[in-house]
Structure formats: structure tokens, C-alpha cells
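Below: one structure, written as C-alpha cells.
The values are calculated or read from the model by the stated rules, or taken from the named source; none is laboratory data. It should be emphasised that the depicted structure is a prediction, and the values quoted were computed from it without experimental measurement. Please note: Cβ atoms are built from the backbone with ideal geometry, for glycine as well, and neighbour counts cover all protein chains shown.
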Amino acid sequence: MDRRQFLAACGIGAGGVLLPGFGRAIAAEQLVETLDVAVKKRLADAAMTAATAAGASYCDVRVGRYLRQFIQTREANVQGVTNTESSGVGVRVIAGGAWGFAATNSFSAEAVADTARLAVAIAKANAKNQTAPVQLAPTKGVGEVKWATPLRRNGMEVSLQEKVDLLMRVNGAALKAGANFVNSSLFLINEQKYFASTDGSYIDQDVHRIWSPFTVTAVDKTTGKFRSRDGLSAPMGMGYEYLDPQAKDKTLSPNGIISYGNSYDMVEDAQAAAVQAREKLTAKSVKPGRYDLVLDPNHLGLTIHESVGHPLELDRVLGYEANYAGTSFATLDKRQAHFQYGSEMVNIMADKLQPGSLGAVGFDDEGIKTKRWPLIQDGKLVDYQATRDQAHILGKTESDGCSYADSWSTVQFQRMPNVSLQPGKKPLSLNEMIAGVEDGIYILGRGSFSIDQQRYNAQFGGTLFYEIKNGKITQPLEDVAYQMRTPEFWNACSAICDERDYRLFGSFFDGKGQPSQVSAVSHGSSTTRFNGINVINTARSLG
Amino acid sequence: MSIMTEAEAKTILAKVIKLSTADECTAQLTGSIEGNIRFALNNVSTSGVVSDTDLAVTVAFGRRVGTATINEFSDAALARVVKRAEELAKLAPENPEFVPAVEATTYKPSDTFSQATAAITPDQRAEVARASIEPCRAQKLVAAGFLQDQQSFVAFANSKGAFGYQRATSMDYTCTVRTADGKGSGWVARNLQDSAAFKASSDIEIAMRKASASAEAQALEPGKYTVILEPNAASGLISFMFNYFDARQADEGRSFLSKKGGGNKLGEQVFDPRVTFMADPWDKELPVYPWDEQGRPRERMPLVENGKIANLLYSPYWAQKSGKKVTGRPGNVIMSGGTKSTADMIRETERGILVTRTWYIRMVDPQTVLLTGLTRDGTFYIENGQLKHPIKNFRFNESPVIMLNNIDELGRPVRVSEGGRMSMMIPAMRLRDFTFTSLSDAV
């Protein structure tokens with residue numbers, strides 16, 4: 001499920017009887033409850049005992065309680081408040097050298113043991129045609145441990161009234177500033193995940209995420225034209241404190257656009273959005289050609305995600321995702337040859353630790369302690385993202401801790417960690433960067449994005465576009481999309497603002513796998529310049 | 001317990017309705033058993049079975065609505081879930097767009113269940129993987145594929161006496177076959193309700209042929225070309241367009257179906273006169289539940305008829321506000337076509353490009369439904385009725401609205417694999433002036 005499908009699913013709303021495919025609706029007060037660790041351990045032990053007795057050489061168990069709160073509004077109406085819970089147990093085993101997986105929503109030890117036996121039967125059925133047995137990188141059990149997202153304010157404990165009031169203020173601000181329509185939402189996610197494995201780990205984690213998107217639309221009925229402006233927030237691995245705006249977290253561009261870091265002023269942004277959406281109705285249509293692009297972190301994050309994050313997923317590189325997400329141009333021989341992925345100033349780190357990021361956890365869904373490691377150093381490809389059964393392919397003796405499943409009912413597999421462009425080493429502010437551009441376009445926010453199945457050819461839109469002439473931002477532009485070939489694009493990187501400008505972008509619903517699973521991941525960067533990028537004009541006429 | 005009988009479901013739902021003290025109460029039971037097998041690099045990678053059953057209870061006090069769910073069905077559990085829904089409703093803000101629950105009605109059943117699909121076993125799934133992998137291995141090709149099968153049921157009832165129960169099955173198979181050197185790639189997809197009609201050993205040959213034939217692709221200049229989009233290639237673009245068939249969006253001026261100066265394009269000629277899209281829950285090839293997500297009875301109705309917009313999609317609230325009849329939201333879209341297969345259409349094409357699959361399609365401009373995406377897994381140049389040679393993949397920037405005004409010919413509609421977006425039957429289509437904007441090196 002991608003973001004669009006997810007939002008469509010949520011659109012069923014409170015008036016309907018069908019719930020989003022994420023589980024059962026519950027009362028708000030249950031969102032702050034947790035399952036007893038002792039109960040989870042008993043279930044996990046029941047599964048592992050049954051699986052081992054049935055012939056499994058390895059077993060891991062995930063007892064999960066996945067809680068989500070969605071509040072959706074438009075203009076003065078609350079369209080839906082949905083609290084959902086999805087709880088159950090997923091059991092993964094190796095038997096006969098093959099993987100097997102089964103899951104149940106029952107919390108009886110008997111049902112969980114049956115599920116474990118089913119997983120073993122599935123593994124044995126698969127083993128018959130298996131040519132290469134699964135090879136797990138060694139790991140030591142960590143015993144009974146805990147990890148939790150550091151929160152200043154648990155969003156699940158904030159009253160519904162406070163949340164609805166905020167969204168109503170957001171909508172009011174947008175309408176007052178000239179918007180015709182405004183949709184705003186608040187998504188809170190809490191994954192209470194218990195992982196146990198026959199390696200001797202019992203890991204209890206409490207993971208929180210928050211996202212507060214909105215879309216403001218301006219319509220000109222006489223011309224029939226409409227334009228939207230999405231919010232410039234980022235989904236974060238934070239609590240409700242993200243929505244308590246702090247002046248220190250704001251960045252002001254030379255033309256007065258406010259961007260946000262570790263906190264977000266949603267009302268202020270909605271007001272600006274209304275003005276900018278109306279401005280877009282009459283903005284100049286871009287002249288196609290080659291431009292120097294100045295990309296804001298809240299835009300560049302998606303480009304990093306698609307053109308660096310995905311191609312360096314080892315399962316894609318090897319061919320495991322060939323049928324759906326695709327493979328990768330960044331083949332293993334390129335790592336050996338120190339392939340020049342980008343210009344020398346491009347340093348990109350993988351990371352599962354960064355506070356506030358969506359990817360931060362203590363342990364992955366295979367019980368591996370998380371870490372930080374380089375993917376691209378001085379522009380050269382140096383590493384990938386691996387799980388336990390892939391590490392040996394890279395000659396590694398440990399997993400990178402990149403395993404994730406979006407539910408107790410889905411099987412864990414390799415997912416992207418946070419992948420972030422490191423800030424420029426020389427002092428450079430946004431104003432200084434723009435002052436150095438002769439003929440360029442400044443792009444903020446996410447827009448349409450599309451990339452081929454080997455991650456060569458990509459096309460990106462954005463939320464806001466501004467013309468840069470002789471070091472000055474002159475006017476807004478519309479109908480802008482840039483097309484790129486990944487290595488040429490990153491080798492055209494000519495300047496990166498320093499750490500003062502570093503901010504996180506987030507992808508809340510990154511789709512991958514079959515059945516498709518979503519994951520959430522952050523991408524940090526500072527504003528970055530790319531020289532001579534091909535820009536197309538996307539305006540069409542329907543006659 | 002994942003799949004309940006009608007009697008079992010009815011007993012539980014009746015208890016729930018009786019327990020509620022709200023102005024109205026709707027209860028819905030859903031259950032499913034889903035099995036899947038995934039393979040890559042000529043080996044099985046993952047495989048599993050997931051079962052789940054839920055009861056959702058929605059109650060309303062005036063315009064305040066609450067929903068709660070549970071997956072236990074004891075009397076005490078039913079009392080708990082009703083109480084919880086009622087508490088939530090009392091806390092909820094009034095919904096000014098509240099529409100009462102559906103009145104009691106008789107639903108004409110649709111034939112959505114096939115026994116063979118419901119009976120698929122882990123061994124059968126493993127056999128599908130084997131039948132896909134072995135011939136590839138023998139020819140030094142590499143298979144990566146996925147089979148997913150599902151049996152499910154939905155039962156609902158409300159305090160106005162409405163009741164519905166039905167079971168459904170589906171299966172979806174896709175397989176990508178690549179040459180060992182990674183220079184060629186082919187794909188096949190099969191979406192069925194009844195797995196008895198599925199034969200992996202013959203489907204895999206399609207993907208294998210395309211993989212071998214697509215190696216050593218030549219580059220063509222980007223530009224406007226006559227194309228034959230196979231059904232699965234066309235559906236990716238068309239399904240996007242139906243996101244913008246919402247009447248409210250059109251009336252509000254933010255859809256390609258909005259009219260300059262206000263109002264919508266209902267009744268207007270928007271597409272080539274050969275374009276007709278029907279919604280039909282009882283379609284023999286693609287039946288869907290005869291009610292929508294809110295229990296409203298679906299109807300057989302055209303969305304586009306002879307190129308004219310015949311119906312827009314109204315939410316119950318917007319229908320009432322606009323003085324329209326409230327109907328169930330369609331669950332499928334069936335595009336009319338001709339009788340020709342893709343192969344027939346290739347034979348009759350002087351010059352053009354065959355597109356097997358479209359990929360990573362995203363909205364560029366909702367004003368014109370301009371979409372971008374790429375071709376993949378078998379793109380060929382056609383000359384004088386033959387596949388002349390493979391060509392490198394293209395990125396397209398094209399609107400389905402423009403595309404459906406540039407029709408040369410439509411083939412025979414088939415069920416397409418849409419990853420849950422929407423159940424569709426789409427024909428292969430030969431189109432003029434399809435816009436490719438750049439080349440991709442991806443295979």
C-alpha cells in the first residue's frame with residue numbers, strides 16, 4: 001500500500017463500517033495501554049518450543065500491538081476520528097534450510113503454537129525446491145531488554161479535543177488567508193513490538209511516530225484552474241512536542257519562505273500555504289531547459305530516498321525484488337570498483353539511531369542492535385543495507401540491522417534505514433548559496449516522484465518553485481519537473497549548505513515487497529545545489 | 001473461525017444489534033485467510049498464511065458516530081464492543097455530513113466465491129513456484145514471482161433490518177523473468193477469482209519469451225509514438241483517472257471533470273466515442289460484492305458511455321446535497337473493447353511500440369491528470385505487423401484523458417492485476433501520439 005492507497009482507505013471515515021486495513025478500532029483511552037511483558041514472553045516461548053519440536057532450526061516470534069490514531073478534517077468539519085489496534089503474533093522459522101512464516105491474531109498459547117507448527121510446515125514445503133539454504137549472520141542473544149522512542153509528550157495521551165482544536169485553527173488560518181479548501185490530518189502511530197528468538201533475545205520496544213499533513217487548494221472558477229500547496233512538515237519519530245513550534249527550528253529563505261526542523265508551526269504554514277496556492281494560479285510557466293537547482297531538505301529528502309536509499313537496498317541489488325520494486329543499477333561490482341556515485345562532496349550515511357528520525361529503533365525486527373554506517377564516501381559507493389540472511393553476501397560477519405515488518409501479520413524483510421546526505425564541511429548558508437546561482441530554480445517540498453526499476457531515470461516535481469536570476473529569487477514558477485539519471489545527477493552536486501541548515505525529510509508510507517508493506521524512514525540533508533539539471537514543462541491542455 | 005457461515009454470522013450480528021441502545025447501529029463481520037508464496041533468483045524466498053476475523057460496530061446518537069471493533073465473539077465480548085462504540089459516539093464531535101445508515105433492502109447476490117481458490121494448500125503454492133522456476137532454470141533464465149490467494153467473507157446487519165452475507169475468493173500471480181546477464185526482462189500477470197483456470201506452466205512461457213526477446217534493446221528517440229498498451233500497462237494509467245471521478249471534487253472546481261465557470265462535466269463528451277466504462281457487481285468475469293463499504297446496494301451503471309461522462313461518484317452526503325439518488329459506490333470498472341488479442345493487434349500495426357508493463361506511475365498535474373511513469377519488462381518496436389526488435393525503456397508523461405481521445409483500436413478486455421487499487425477489466429489498446437519524454441537505461 002502506498003500513501004495514496006492508505007489515504008483512500010482512511011477516507012472510509014467514521015461513518016462507514018469498514019475500517020482501514022490496519023486493524024480494529026478502539027477507544028482512545030486504550031491507546032495508552034500496553035501488553036504485559038510476561039504474557040508476551042509466554043506466547044513467544046510457546047511458539048519457539050513448538051517450532052523447535054516440529055523441526056525448525058531457528059525461530060523468531062514477534063508479538064505486536066500496532067496502534068494508530070487518524071484524525072481527518074476539511075474546512076470546519078471533522079471528517080473522521082479513528083483509533084485502531086492490530087494485535088497478533090507472527091512466527092518465522094527456518095526448517096530444511098528454507099523460511100516459513102505464519103501469523104495469528106489469537107493470543108492463546110495453543111493457537112500461537114499451532115501457528116508455529118504451520119510456519120514449519122510451510123518452510124518444509126518450500127525446502128523441497130530450495131537450492132541454497134538460508135544462511136544467517138551470527139548474532140548473540142541480548143536477553144531481556146527494552147527500548148523506547150524518546151518522547152517529551154506522548155501523542156496518544158493528548159486529548160482528542162486538543163488535536164481537533166489545532167486542526168480547526170489550521171483550517172481557519174488557511175481559509176482566512178484565501179484558500180478555497182483545506183484538508184488537514186493528524187496521524188499518530190505507536191508500535192509496541194516484542195521480539196524473541198531462539199538465539200536468546202527478548203526485546204520489548206515502544207516506537208512512536210507522528211505526521212501532520214495538510215493540503216490547501218485555491219480555485220479560479222473563471223479560468224477553471226486549481227492549484228494546491230501541501231504543508232512543509234516532515235513526519236517524525238517524535239511525540240506531540242513536534243507540534244509545539246520553537247523559533248530555533250525555523251529557517252527563513254531569502255524570499256520569506258519558512259521551513260521547519262525539529263518542531264512545526266502548522267497554523268503558520270497553513271496561512272502561508274493559502275497565499276502561495278493562490279500565487280501559483282498566476283505564476284509563470286517554466287521555460288524548459290537546463291538549470292542549476294537549489295533543493296531544500298524537505299524536497300531533496302525524497303530524491304535521496306529514491307535515487308540513493310532504494311538502489312542500495314541489498315535485496316534489490318541481488319534480485320530479490322525483481323518482480324515488484326525492481327533491481328538496482330548499483331551492482332556489487334560497482335562497490336568493488338569504488339563507483340563514483342556522486343561528486344566528491346557527497347557523503348551519505350545509513351543510520352538507525354538519529355533521534356527524531358522515523359527509522360530510529362533500538363533493535364531491528366530480527367533482534368539486531370542498530371547502528372550507523374557509510375554508504376557513499378567522498379562520492380564513492382562503499383556499502384549497502386543488509387539483513388541477517390544477506391550479510392554473508394557482502395563478506396560481513398554481522399547484519400546491518402535493516403529488517404522490518406509493518407505488522408505482526410507480515411513477514412520481516414530488508415527495509416531502508418534513514419539515509420542522509422551529510423552537511424557541507426565548509427561554512428555556507430542558504431542565502432550565500434542562492435547568491436551564487438546565475439540561472440536556477442529553488443525547489444521546496446515534495447511533489448510527484450517516479451523512478452525506474454533500476455533507479456537510473458527519475459522525474460521529480462515539488463511543492464514550491466522559484467526562479468533564481470543572478471543570485472536573486474525573482475518570481476514563483478509553475479509546471480516544473482526535473483528529469484535525471486542518478487549518477488549524473490549526484491555528480492552534478494556542486495555545493496551543500498553547512499550543518500546549520502540540516503533538516504529531516506520523512507517518508508511515512510514507503511511501499512516495498514509482496515504483499516506490499518509500508519515503512520517509515522527519514523532523510524536528512526542541508527540545502528544542496530545541483531548544476532545543469534534538465535527541467536521540463538508539465539503544463540498540458542485538455543482542449 | 002476466520003470464515004464464518006451465514007448462520008454463525010447472523011447470530012452474532014443479531015445479538016449486537018439487540019445490545020445497542022443508540023439511535024442506530026450497524027455491525028459488520030469480516031474474515032479472511034490469505035496465503036502467499038514469493039520467489040526470486042529461482043528460489044522460494046518467503047511464504048506464509050495469515051488469518052484474521054473482526055467485528056466492527058458503528059453506532060450513532062444523532063449526528064455523533066462511534067466505531068469500535070473486537071475479535072472475540074463471546075456474549076461478554078459483544079456487550080463490551082457495543083458499549084465501547086456507544087461511549088466513543090458520545091465523545092465524538094457532531095458530524096455535519098452525517099448520513100443515516102442504509103435502509104433494509106434485498107441484495108442480489110453476486111458470484112464472488114470459487115471453491116478451488118479457497119482450497120489452495122501450501123504444497124500447491126510451492127508447486128506454482130516450482131512450475132515457474134524450473135523451466136527458467138533449464139533455460140538459464142532467472143524467475144522472481146509472487147502468488148497470493150485469499151478467501152474472505154463479509155456479513156453485516158443494521159438496526160433498520162438490513163442484512164448481507166457473502167464469500168469471495170481471489171488470486172493474483174505475477175512473475176518477472178530476467179536473462180542471467182540482466183539484459184532482458186519479461187513479465188506475466190494473472191488475476192483470477194477461480195484458481196482452477198490458472199496454469200503457471202503456460203503463463204511462465206509468456207514471461208520467458210519476453211525476457212529472451214528483450215535482450216540487446218536498441219534506443220529510440222523519445223517523442224510521440226503509436227503504442228499498443230497491453231491491458232496491465234493501460235490499467236495503471238486508467239485507474240488513476242478514476243480517483244478524479246468524485247462528484248464533489250468536480251463540483252468544487254478541483255478536478256479535470258470541473259467545468260470552467262462552475263459545475264461538472266456530467267453528460268459531456270470527454271473521451272473518444274468508443275470509450276465506455278461500466279460498473280457492474282454481477283459481471284461474470286469480475287463480480288464484486290453487491291454492496292459498498294457502507295452497505296449501500298451497488299448498481300450496474302455506466303461511468304462513461306460512448307465517451308460521455310454518464311455518472312460521477314457521489315458520497316451519500318454529496319448526493320443528498322445535490323439532489324441525486326444515493327447509490328452504492330462502484331466496486332469494479334469494466335472497460336468495453338473489441339474481440340482482438342494483443343497478438344492480433346500487433347499483426348495489424350504498421351509501426352508502433354508494444355508496452356508490456358507500466359511502472360511507478362505518479363500524478364504530475366491533477367488539472368489535466370498528467371501522469372509520469374516508465375515502461376518495463378518487455379518493450380518492443382513493431383514494424384509491418386511484427387515485433388521487429390526490443391527497445392530501451394521510456395519514461396512517459398501522458399494523461400489518460402488525452403490517451404483515451406487518441407484511440408486507434410481496442411482489444412479484448414481482461415481482468416488486470418492492480419495490487420488492490422481497483423478491480424478492473426481493461427482491453428489492450430492501440431493509441432496514437434503517446435508521449436515518451438526520456439529514455440531509461442533500466443532493464
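Give the residues of the stretch B:338-360 that are away from chain A (no Cβ under 14 Å), surrounded by fewer than 22 Cβ atoms within 10 Å (Cβ to Cβ) and within 25 Å of the chain's Cα centre (by Cα), sorted by residue number. The answer is B:Gly338, B:Thr339, B:Lys340, B:Ser341, B:Thr342, B:Ala343.
With within 13 Å of chain A (Cβ to nearest Cβ), in a strand (DSSP E or B) and in contact (Cβ under 8 Å) with a residue 24 or more places away in the chain as the only criterion, which of B:Ser47, B:Ser2 stands out? Show your work before the answer.
Details: B:Ser2 fails: in a strand (DSSP E or B).
From the options B:Ser47, B:Ser2, the qualifying one is B:Ser47.
For the stretch A:186-199, does any single residue satisfy the condition of being surrounded by fewer than 17 Cβ atoms within 10 Å (Cβ to Cβ) and either in the same structural domain as A:Ala44 (by TED's automatic domain parsing) or out of contact with any Phe, Trp or Tyr (no Cβ under 7 Å at 6 or more places or on another chain) (or both)? No, the conditions are met nowhere in the stretch A:186-199.
Out of contact with any helix residue (DSSP H, G or I) (no Cβ under 8 Å at 6 or more places or on another chain), surrounded by 16 or more Cβ atoms within 10 Å (Cβ to Cβ), more than 30 Å from A:Gln414 (Cβ to Cβ) and facing another protein chain (nearest Cβ under 8 Å), is that true of B:Ala56? Yes, satisfied. Among the criteria (1) touching a residue at least 60 places away in the same chain (Cβ under 8 Å); (2) within 14 Å of chain A (Cβ to nearest Cβ); (3) part of a strand (DSSP E or B), the one B:Ser417 does not fulfil is (3). When you scan the stretch B:422-435, do you find a residue that is out of contact with any strand residue (DSSP E or B) (no Cβ under 6 Å at 6 or more places or on another chain), surrounded by fewer than 20 Cβ atoms within 10 Å (Cβ to Cβ) and more than 11 Å from chain A (Cβ to nearest Cβ), even just one? No; the residues of the stretch B:422-435 include none that is out of contact with any strand residue (DSSP E or B) (no Cβ under 6 Å at 6 or more places or on another chain), surrounded by fewer than 20 Cβ atoms within 10 Å (Cβ to Cβ) and more than 11 Å from chain A (Cβ to nearest Cβ).
Among the numbered conditions (1) part of a strand (DSSP E or B); (2) within 29 Å of B:Ile12 (Cβ to Cβ), the only one that B:Lys160 does not meet is (1). Taken over the stretch B:257-305, the criterion of being over 19 Å from the mean Cα position of the chain (by Cα), assigned to a strand (DSSP E or B) and closer than 26 Å to B:Ala157 by Cα is satisfied by B:Pro297 alone. Count of the stretch A:82-138 residues, restricted to those that are without any contact (Cβ under 8 Å) to a residue 60 or more places away in the chain, among the aliphatic types (A, V, I, L, M) and surrounded by fewer than 19 Cβ atoms within 10 Å (Cβ to Cβ), is 2. Only one of A:Gly462, A:Gly436, A:Gly471 is buried (at least 23 other Cβ atoms within 10 Å of the Cβ) and assigned by TED's automatic domain parsing to the domain that holds A:Gly319. Can you tell me which? Within the list A:Gly462, A:Gly436, A:Gly471, the selection yields A:Gly462. B:Ala89 meets the conditions (1) within 27 Å of the chain's Cα centre (by Cα); (2) buried (at least 21 other Cβ atoms within 10 Å of the Cβ); (3) facing another protein chain (nearest Cβ under 10 Å) in every case but one. The failed one is (1). How about the stretch B:163-200: which of its residues are in a strand (DSSP E or B), touching a Lys or Arg at 6+ places or on another chain (Cβ under 9 Å) and away from chain A (no Cβ under 12 Å)? If the condition is that a residue be in a strand (DSSP E or B), touching a Lys or Arg at 6+ places or on another chain (Cβ under 9 Å) and away from chain A (no Cβ under 12 Å), then B:Phe163, B:Tyr165, B:Met171, B:Arg190, B:Asn191, B:Leu192 are the ones that fit.
Can you name the strands (runs of 3 or more DSSP E) wholly within the stretch A:236-329 that have at least 1 residues being of a type in the set (A, V, I, L, M) and surrounded by fewer than 22 Cβ atoms within 10 Å (Cβ to Cβ)?
Working: elements: A:250-252, A:258-260, A:289-295.
Fully inside the stretch A:236-329 and qualifying: A:250-252, A:258-260.
Just one of the numbered conditions (1) more than 14 Å from chain B (Cβ to nearest Cβ); (2) surrounded by fewer than 22 Cβ atoms within 10 Å (Cβ to Cβ) is not true of A:Phe509: (1). Annotation: of all residues in the stretch B:9-34 being modelled with pLDDT of 95 or more, surrounded by 16 or more Cβ atoms within 10 Å (Cβ to Cβ) and farther than 13 Å from B:Val57 by Cβ, the one that is farthest from the other protein chains (Cβ to nearest Cβ) is B:Lys10. Residues that are surrounded by fewer than 21 Cβ atoms within 10 Å (Cβ to Cβ), farther than 30 Å from B:Glu299 by Cβ and at the interface with another protein chain (Cβ under 8 Å from one of its Cβ atoms) within the stretch B:93-126 comprise B:Pro93, B:Asp123, listed in sequence order.
Can you name every residue in the stretch A:130-180 that is of a type outside the set (Gly, Ala, Ser), more than 14 Å from every other protein chain (Cβ to nearest Cβ) and more than 30 Å from A:Lys396 (Cβ to Cβ)? I'd like the intermediate steps shown before the answer.
First, pick out the residues of the stretch A:130-180 that are of a type outside the set (Gly, Ala, Ser): A:130-131, A:133-136, A:138-140, A:142, A:144-147, A:149-154, A:156-158, A:160-171, A:175-176, A:180.
Right, trim to more than 14 Å from every other protein chain (Cβ to nearest Cβ) and you get A:136, A:138-140, A:142, A:144-147, A:149-154, A:156-158, A:169-170, A:176.
Within the stretch A:130-180, A:Leu151, A:Arg152, A:Arg153, A:Asn154, A:Met156, A:Glu157, A:Val158, A:Arg169, A:Val170, A:Lys176 qualify.
Of everything in the stretch B:378-397 that's within 8 Å of another protein chain (Cβ to nearest Cβ) and in a strand (DSSP E or B), which residue is surrounded by the most Cβ atoms within 10 Å (Cβ to Cβ)? Working first, answer last.
Taking the stretch B:378-397 as the starting set, the residues that turn out to be within 8 Å of another protein chain (Cβ to nearest Cβ) are B:393, B:395, B:397.
With the extra rule that they be in a strand (DSSP E or B), the set shrinks to B:395, B:397.
Details: B:Arg395: 25, B:Asn397: 23.
Across the stretch B:378-397, the extreme among qualifying residues is B:Arg395.
For B:Arg130, are the conditions met, namely being basic (Lys, Arg), surrounded by 22 or more Cβ atoms within 10 Å (Cβ to Cβ) and within 30 Å of A:Val411 (Cα to Cα)? No, not satisfied.
Against the criterion of being under 30 Å from A:Arg117 (Cα atoms) and either outside any helix (DSSP H, G or I) or in contact with an Asp or Glu (Cβ under 9 Å, 6 or more places away or on another chain) (or both), B:Arg80 does not qualify. For beta carbons closer than 7 Å, sequence separation of 6+ or different chains, a first residue in the stretch A:439-458 that is of a type in the set (Val, Ile, Thr) and a second that is assigned to a loop (DSSP other than H, G, I, E, B), the qualifying pairs are A:Ile443/A:Asp296; A:Ile443/A:Gly462.
Would you point out which residue out of B:Thr356, B:Thr375 is out of contact with any Gly (no Cβ under 6 Å at 6 or more places or on another chain) and hydroxyl-bearing (Ser, Thr, Tyr)?
On the way: B:Thr356 fails: out of contact with any Gly (no Cβ under 6 Å at 6 or more places or on another chain).
None of the other options fit; the residue is B:Thr375.
Taking every residue in the stretch A:332-357 that is of a type in the set (Gly, Ala, Ser) and pairing it with any residue that is assigned to a helix (DSSP H, G or I), at least 6 positions away or on another chain, the pairs with Cβ-Cβ distances below 6 Å are A:Gly342/A:Trp490; A:Gly342/A:Asn491; A:Ser343/A:Asn491.
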